[in-house]
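The values are calculated or read from the model by the stated rules, or taken from the named source; none is laboratory data. None of these values were measured; they are calculated from a predicted model. No Cβ is skipped: glycine too gets one built from the backbone with ideal geometry, and neighbour counts run over all protein chains shown.
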Amino acid sequence: MNPANLALRFLLEVTALGALAWWASSLTDSWWRWLAAIAAVLLVAVAWGVFAVPNDPSRGGQGIVKVPGIARLALELLVFGPGAYAFKSVGRPNLAIGFVALVAVHYAWSYERVAWLLKQQTALFNLDGCPRCGRSPRTTWLARRRVVAALVRRLRRTTEHVNLD
């Protein structure tokens, strides 16, 4: 990705976090506003960092939870959209419009990444079967079902003798 577009994306991320903190702190006048602002920023920042598409060239690292490209795009829009709404709800509609315009410029500028993300699938949507052993999807599903059924049977046997009275 273009370094200028990466810088724009970073500024959009920080701006969205700031807008959400501003919105959350405007919900009340008590000391809870600080807690609300911190919680809003942490929730969004953790979600942003945890969910990632494997080998995403714009992220510079791997996330903890691998998701398909469409899920990552949805997450990004679920961060930028509420960021724009936050500007509007604190009485700054011009900032909201400008923010949405910059988000549109960012996604237009990174159309290759968007196309790449739309093609990415992970094991969540893997139709090729197990990547480790090469089994078909049906065989993999049946094996998982057998394991779960065995665990349920074992759990039932161990709880039969427990007296809750």
| task | For the stretch 13-28, state whether one or more residues are more than 18 Å from SER89 (Cα to Cα), part of a loop (DSSP other than H, G, I, E, B) and in the same structural domain as PHE87 (by TED's automatic domain parsing). | result | no
| task | List the number of the failed condition for ALA40; all other conditions in (1) farther than 19 Å from ARG113 by Cα; (2) not aromatic (Phe, Trp, Tyr); (3) not in a helix (DSSP H, G or I) hold. | result | (3)
| Residue list for the stretch 86-105, filter: of a type outside the set (A, V, I, L, M, F, W, C) and either part of a strand (DSSP E or B) or out of contact with any Phe, Trp or Tyr (no Cβ under 8 Å at 6 or more places or on another chain) (or both) | LYS88, GLY91, ARG92, ASN94, GLY98
